[in-house]
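Chemist: If you scroll down you'll find the structure; I have some questions about it.
Please treat every number below as a calculation from the coordinates, not as lab data. Predicted, not measured: the structure shown is a model, and the values here were computed from it.
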Amino acid sequence: MSSAINFTFLFPAQTPAPIQPAPSQPVHQAKPAQQVAHPVQHKPAQDSSAPEDKPSWRTRAKSFLLEYKRVLHVTKKPDKFEFREIVKVSGLGILVIGLIGYIITLAKEMIMKAV
C-alpha cells in the first residue's frame, strides 16, 4: 500500500507553452572535422610584488547599489494567491526541519538512556 502525499496544491496547474513551428531554413551544425580545439592561452607570469587591479571601495559600493536598484525594479509584489502559496511552502519547510531536529534529539536521548 502506497501512502504518497499529494503536493498538487503547492503547484498550480500551468498550461504548457505552445510548440514552435520548425524554422524555415535548416540549422547548420559544424561537422566534427571542422571543429578546432583552441589552445589555452597562458598569461605571462606577474611579479608577486606588483599590486593587483582591485576596484576601489567606491566602485564596489556603486556597483552594489546599481545591482540593488536593478533587483528592486525586477521584483513585484505577490498577489494574494502567490502569497498564500509562499506561506504554505515556507510553513511546510519549517515543519520538516523541525521534525528532523526532533527525531535527532529523540534518538540522542534514547542512545544516552541506553548507555
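Chemist: Averaging over every viewing direction, what projected area does the convex hull of the Cα atoms of the range 53-115 cover, in nm²? Let's see the in-between values first.
Modeler: Working: hull surface 37.2 nm².
Result: 9.3 nm².
Chemist: Figure the gain on full extension for residue 66 and residue 82 (residue separation times 0.36 nm, minus the Cα-Cα span) and round it to one decimal in nm.
Modeler: Details: separation 16, 0.36 × 16 = 5.76 nm, distance 2.77 nm.
Answer, rounded to one decimal: 3.0 nm.
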